[in-house]
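Comments concern the structure below.
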Number of protein chains: 2
Amino acid sequence: MSHPVDSDVSAVRTYIEQHRAAFLDDLAEWLRIPSVSAQPDHAADVRRSADWLAAKLRETGFPTVEVWATEGAPAVFAEWPANDPAAPTVLVYGHHDVQPAAREDGWGSDPFEPVVRGNRLHARGAADDKGQVFFHTLGVRAHLATTGRAAPAVHLKMLVEGEEESGSVHFRDLVEEHADRLASDAVIVSDTGMWAEDTPTVCTGMRGLAECEIHFHGPDQDIHSGSFGGAVPNPATAIARLVAALHDDHARVTIPGFYDGVTELTDRERELLAELPFDEERWLRTAKSYATHGEAGHTTLERVWTRPTAEVNGIGGGYQGPGSKTVVPASAMVKLSFRLVAGQDPDHIEKIVRDWTADRVPAGIRHRITFAAATRPCLTPLDHPALQSVVRAMGRAFGKPVRYTREGGSGPAADLQDVLGAPVLFLGISVPSDGWHAPNEKVEIDLLLKGVETTAHLWGDLAENWRHES
Amino acid sequence: MSHPVDSDVSAVRTYIEQHRAAFLDDLAEWLRIPSVSAQPDHAADVRRSADWLAAKLRETGFPTVEVWATEGAPAVFAEWPANDPAAPTVLVYGHHDVQPAAREDGWGSDPFEPVVRGNRLHARGAADDKGQVFFHTLGVRAHLATTGRAAPAVHLKMLVEGEEESGSVHFRDLVEEHADRLASDAVIVSDTGMWAEDTPTVCTGMRGLAECEIHFHGPDQDIHSGSFGGAVPNPATAIARLVAALHDDHARVTIPGFYDGVTELTDRERELLAELPFDEERWLRTAKSYATHGEAGHTTLERVWTRPTAEVNGIGGGYQGPGSKTVVPASAMVKLSFRLVAGQDPDHIEKIVRDWTADRVPAGIRHRITFAAATRPCLTPLDHPALQSVVRAMGRAFGKPVRYTREGGSGPAADLQDVLGAPVLFLGISVPSDGWHAPNEKVEIDLLLKGVETTAHLWGDLAENWRHES
């Protein structure tokens, strides 16, 4: 079903080799801007980072580049139309803000003074996410140069936000405000990674998230457990019983309707996940945990990537200080989060959790439950033509079979899916050892250039194999 | 089986009436000493309170009065031997320290400047416990004056500690150190109350207490619930499941062996408890609670007084701040207390709780459990001759039938029982409205004088009806 594409692997590599030094120098310049969105005293740096990127995208050739203000940090939008009006429109998503970093956290060098050691470029943001945003600049130039085009084979848009590391609090509003400008046939998120340096992978989905906080109120104040204990309901016991009832003995969530609509893995998807070289001991070390535990009938990777969960993020009630205090606590609370998978609707989840909780509140306990804004799950079918283009482009760049992963976490890309109605694809070249959010964050330079190479092949493949039917 | 006693009700009343004014003046003087043991800047006041009491006991006629130092606040010991060496020895227990109190907490007058309003004497310590210690001074004098004795009919000892309101931390050591001096056939605790102003009662037992703290450790640090959630054990979920497993659906404790040896209520004891004018609505208001809840097959009073419990005093784990944090917590903990009743052994309880917990720790969770020093339960059989003497003496003083209660809390009196091997009896005249530990604490003056009157009858009755068999 796939057609040959017009990009040439060796021509692309030659082009990248010629421009590699300038590309890395430019990236280093951007990495020197400490665009830490969570720290108010770096607000000017975040703005400077947006301006720097906007200038570089103009230099790259994007005819339209705008810095979009938000209530918080600015985002950068760029657009480069294809000459063929029937070409598909692709929106690349990334972010230009970074996590906080300080030398004394354990960095071997200044986190905002990039250092190359062997194949590694160390700096805050090298992998998360400046490096992965930046490979698109050289990628589109390689695409043009090696195909002789004046414009990309697809309508190319980029949206690079400035608040991802501080919760993307204004992102949904931004996307809704500019929905017309952002309209696209597919979203390509370059803010993720691959399985391992020697195992190129594409991520095909991301879990969603519903979060709530449940408070149980018993006595009007803490009361004496000698005088009253054993004869009135204890809200801490009651909330523990609620939490305990969340899962059955097979670690399945017991809330009626919780699995309604869940898209089960196909046999093919299971096989594909099983092809990944998974080492449970190594995975446990990454999880800093001492055993695996989860829903019966599923492997560890299936559990974290493809199955919905109910997790306690925090629980509290009564006296938690040193020593003892013999009270029946006045109240107790639990913070729950539910990871959702394709087919699950956060509104439905909220409703059934509310009903299930209300049904289980003991007599004499008053309860309150509040939900935060939910994030929907994303899942791209394996046979989606755009996904197949990503897989082919990556395969040409890496010269290896590309395998499939998913993402267990939840991210703002789901807002793009929801508002724009476009499928979300993931193109990332970071590896687990890159140390996102940690000291000595780095990116593997070879992989960064494989990212460039992938996009150099991608736009032509997409235009060729996924005609926009309108 | 009971013999007539030599005290005369009207003679006792006349004597008390004659000395009432001086008695109340003396008590007021003592109440002016702010003997707050929990506040270090009142340490000198606590010492002054002990010295004041020692002087007053000497003035009362006790031939031996000593102030016993501890690592903390001093206790007062007094001894007045009977002329008959075969007379039983009785140790009265109380405390001379008080709870903190400040005008701005809501007091209508200075908490350390006693005020009489109608039948009520308001001051910190009026009921808890200076008033109830002090009625023994006039009581023994009335006993002597109205019977023409030179010494009490029993070997009378008093131990008035100075740290009850700050946890009696040195009390056990004090009792063990002076066990020979404190040796007695019965302990009479005057630090409790009666059911109501118009319902004189004696308390026949007190629950014991075992306390532990259980920690569950999962990942080495909080981990991302998106990346790992659903595939590793969550210690907060695990501790909730442990807590939920503590009770069955009948609110009975499920730990195997928990009820081993429990002294069940006799039919007579159940009848006696049922005779109390119990108003559940009023009780719930006192408990500041909205429903009763407890072990099936037992009334509310049976639950708080006669049944062992497992209660959560505190629970905590993960993120408890505002908003959300999507983590699988590194750890969670619960503080549990077990109220114990006669027949239960705290060492056995500790062992079975440890075993039960260890059996329920999921794979991948490491646990730690620590127990605090336990307090044993006390229970005096209804037919104990000393208890019958207390009931008769109280009945003569009040001119009403005396009913039976128990105490759901746990107290240092259990140390006296354990170290001295003597049964613990309770003689208290405080009523629930006295406001222990609260602003505007008061004692009903009429009831205080009924306390005097009760002891004026008690010592003769005890000597007559409970000969020391040695």
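Can you spot a residue in segment B:162-178 that is more than 16 Å from B:Gly451 (Cα to Cα) and without any contact (Cβ under 8 Å) to a residue 12 or more places away in the chain? Yes, the conditions are met somewhere in segment B:162-178. Only residues that are aromatic (Phe, Trp, Tyr), more than 9 Å from chain A (Cβ to nearest Cβ) and surrounded by fewer than 22 Cβ atoms within 10 Å (Cβ to Cβ) were counted in segment B:316-362, giving 1.
I'd like to check something: does segment A:348-356 contain any residue that is of a type in the set (Lys, Arg), assigned by TED's automatic domain parsing to the domain that holds A:Arg172 and either outside any strand (DSSP E or B) or at pLDDT 95 or above (or both)? Checked against the condition, which is being of a type in the set (Lys, Arg), assigned by TED's automatic domain parsing to the domain that holds A:Arg172 and either outside any strand (DSSP E or B) or at pLDDT 95 or above (or both), segment A:348-356 yields no hits at all. Return only the number of the condition from (1) in contact (Cβ under 8 Å) with a residue 12 or more places away in the chain; (2) crowded, with 16+ Cβ neighbours inside 10 Å; (3) more than 7 Å from chain B (Cβ to nearest Cβ) that A:Phe278 does not satisfy. Checking A:Phe278 against (1) in contact (Cβ under 8 Å) with a residue 12 or more places away in the chain; (2) crowded, with 16+ Cβ neighbours inside 10 Å; (3) more than 7 Å from chain B (Cβ to nearest Cβ), the one that fails is (2). Among the criteria (1) surrounded by fewer than 19 Cβ atoms within 10 Å (Cβ to Cβ); (2) at the interface with chain B (Cβ under 10 Å from one of its Cβ atoms); (3) outside any loop (DSSP other than H, G, I, E, B), the one A:Lys288 does not fulfil is (3).
Only a single item in (1) touching a Leu at 6+ places or on another chain (Cβ under 9 Å); (2) free of Cβ contacts under 8 Å to residues at least 60 places away in the same chain; (3) more than 30 Å from A:Val361 (Cβ to Cβ); (4) not hydrophobic (A, V, I, L, M, F, W, C) is not met by B:Thr292, and it is number (3). Scanning segment A:61-99 for residues that are assigned to a strand (DSSP E or B) and of a type in the set (A, V, I, L, M) yields A:Val65, A:Val67, A:Ala75, A:Val76, A:Ala78, A:Val90, A:Leu91, A:Val92, A:Val98.
Here B:Arg141, B:Arg149, B:Arg124 are screened, and the one residue that is in contact with an Asp or Glu (Cβ under 7 Å, 6 or more places away or on another chain) and in the same structural domain as B:His19 (by TED's automatic domain parsing) is B:Arg124.
Of all the criteria given as (1) more than 30 Å from B:Gly411 (Cβ to Cβ); (2) touching an Asp or Glu at 6+ places or on another chain (Cβ under 6 Å), the one not satisfied by A:Arg207 is (2). Per the listing B:Asp25, B:Asp45, the residue uniquely surrounded by 15 or more Cβ atoms within 10 Å (Cβ to Cβ) and not in a loop (DSSP other than H, G, I, E, B) is B:Asp45.
When residues in segment B:395-435 are screened for being closer than 20 Å to B:Ala179 by Cα and more than 14 Å from chain A (Cβ to nearest Cβ), 11 of them pass. Look at (1) touching a His at 6+ places or on another chain (Cβ under 6 Å); (2) within 9 Å of another protein chain (Cβ to nearest Cβ); (3) among the acidic types (Asp, Glu) and you find that A:Glu164 fails only one, number (2). Is at least one residue of segment A:295-307 modelled with pLDDT of 95 or more, in a loop (DSSP other than H, G, I, E, B) and facing chain B (nearest Cβ under 8 Å)? Yes, segment A:295-307 contains at least one residue that is modelled with pLDDT of 95 or more, in a loop (DSSP other than H, G, I, E, B) and facing chain B (nearest Cβ under 8 Å). State whether the residues of segment B:156-170 include one that is charged (D, E, K, R) and over 21 Å from the mean Cα position of the chain (by Cα). Taking every residue of segment B:156-170 in turn, none turns out to be charged (D, E, K, R) and over 21 Å from the mean Cα position of the chain (by Cα).
Anything in segment B:330-347 that is outside any helix (DSSP H, G or I) and either touching a strand residue (DSSP E or B) at 6+ places or on another chain (Cβ under 6 Å) or closer than 22 Å to B:Ala238 by Cα (or both)? List them, or say none. Once the filter is applied, which keeps residues that are outside any helix (DSSP H, G or I) and either touching a strand residue (DSSP E or B) at 6+ places or on another chain (Cβ under 6 Å) or closer than 22 Å to B:Ala238 by Cα (or both), segment B:330-347 yields B:Ala330, B:Ser331, B:Ala332, B:Met333, B:Val334, B:Lys335, B:Leu336, B:Ser337, B:Phe338, B:Arg339, B:Leu340, B:Ala342. Checking each residue in segment B:265-285 for being assigned to a helix (DSSP H, G or I), under 20 Å from B:Pro401 (Cα atoms) and touching a helix residue (DSSP H, G or I) at 6+ places or on another chain (Cβ under 7 Å) picks out only B:Leu273.
Return the residues of segment B:121-155 that are more than 21 Å from B:Leu427 (Cβ to Cβ), over 23 Å from the mean Cα position of the chain (by Cα) and in contact (Cβ under 8 Å) with a residue 40 or more places away in the chain; say none if nothing qualifies. The one that is more than 21 Å from B:Leu427 (Cβ to Cβ), over 23 Å from the mean Cα position of the chain (by Cα) and in contact (Cβ under 8 Å) with a residue 40 or more places away in the chain: B:Ala150. Taken over segment B:392-435, the criterion of being farther than 27 Å from B:Asp345 by Cβ, within 19 Å of the chain's Cα centre (by Cα) and not polar (S, T, N, Q) is satisfied by B:Arg403, B:Leu427, B:Gly428, B:Ile429, B:Val431, B:Pro432, B:Asp434, B:Gly435.
The values are calculated or read from the model by the stated rules, or taken from the named source; none is laboratory data. Note that the coordinates shown come from a computational prediction; the quantities given were computed from them, not determined experimentally. Counting neighbours? That spans all protein chains shown, and the Cβs are built from the backbone with ideal geometry, glycine included.
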